[in-house]
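The values are calculated or read from the model by the stated rules, or taken from the named source; none is laboratory data. Everything quoted here is computed from the prediction, not taken from an experiment. In this analysis, Cβ positions are derived from the backbone assuming ideal geometry, glycine residues included, and neighbour counts consider all displayed protein chains. Surface accessibility is based on the protein's heavy atoms, side chains included, excluding ligands, DNA and RNA. Shrake-Rupley method; radii C 1.70, N 1.55, O 1.52, S 1.80 Å.
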Amino acid sequence: EALSRGAERAVFVDSSQKSIRCINENLKNTGLSKQAEVVSRDSYDFIKLTAQSFDIIILDPPYRKGHIKAVLPLVALKLKKGGFVICEYEKEAEEPSAPEGLKLKKIYRYGKINTAIFIKPAEEDSD
């Protein structure tokens, strides 16, 4: 969706081959393949090993696995200043806390799903 709304580039990471096929098919159908990188890999390994940095990172891991707590500190290191991390998690899960370098901006509650938005403050931000 970010690409269709004007993002210059997007990286999709998923370990499920079924998901990878769906992502590639959607990119082909929308004509957005050239603006995308599709990585068939565990997201934890990808974020740990990539040299890339990002403006926006969206985490939508499998529920009830505790992945957000493990990956959020690594994601904080790959996020550009002023960037956002959007984390989706089940309502029953413990609310993710902001790791060093990130601040919790807002939590949205949608029925069985919650979404936490974290921001990496720009240097000039005083709060």
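Based on what the data block shows, is Glu95 in a loop (DSSP other than H, G, I, E, B) and touching a helix residue (DSSP H, G or I) at 6+ places or on another chain (Cβ under 8 Å)?
On the way: in a loop (DSSP other than H, G, I, E, B): yes; touching a helix residue (DSSP H, G or I) at 6+ places or on another chain (Cβ under 8 Å): no.
For Glu95, the condition - in a loop (DSSP other than H, G, I, E, B) and touching a helix residue (DSSP H, G or I) at 6+ places or on another chain (Cβ under 8 Å) - is not met.
Answer yes or no as to whether Val75 is open to solvent by less than 30 Å² (accessible area, probe 1.4 Å), under 15 Å from Leu59 (Cα atoms), out of contact with any Pro (no Cβ under 7 Å at 6 or more places or on another chain) and not in a strand (DSSP E or B).
So Val75 passes the test.
When you look at Lys48, is it more than 19 Å from Glu92 (Cβ to Cβ), open to solvent by 90 Å² or more (accessible area, probe 1.4 Å) and among the charged types (D, E, K, R), yes or no? Taking the combined requirement at face value, the residue satisfies it. Selection of region 13-36 for residues being open to solvent by 60 Å² or more (accessible area, probe 1.4 Å) and closer than 19 Å to Ile57 by Cβ yields Ser15, Gln35. Does region 53-66 contain any residue that is over 30 Å from Lys91 (Cα atoms), in contact with a strand residue (DSSP E or B) (Cβ under 7 Å, 6 or more places away or on another chain), free of Cβ contacts under 8 Å to residues at least 40 places away in the same chain and open to solvent by less than 70 Å² (accessible area, probe 1.4 Å)? For region 53-66, residues over 30 Å from Lys91 (Cα atoms), in contact with a strand residue (DSSP E or B) (Cβ under 7 Å, 6 or more places away or on another chain), free of Cβ contacts under 8 Å to residues at least 40 places away in the same chain and open to solvent by less than 70 Å² (accessible area, probe 1.4 Å): absent.
Please tell me if Tyr108 is in a strand (DSSP E or B), of a type in the set (Ser, Thr, Tyr) and closer than 17 Å to Ser43 by Cβ.
no
Taking the options Ala70, Ala93, name whichever one is among the small types (Gly, Ala, Ser) and surrounded by 13 or more Cβ atoms within 10 Å (Cβ to Cβ). One residue alone meets the criteria, Ala93.
Please specify each residue of region 39-71 satisfying the condition of being under 25 Å from Glu8 (Cα atoms) and either among the small types (Gly, Ala, Ser) or assigned to a loop (DSSP other than H, G, I, E, B) (or both). Answer for region 39-71, where residues must be under 25 Å from Glu8 (Cα atoms) and either among the small types (Gly, Ala, Ser) or assigned to a loop (DSSP other than H, G, I, E, B) (or both): Ser40, Arg41, Asp42, Ser43, Thr50, Ala51, Gln52, Ser53, Asp60, Pro61.
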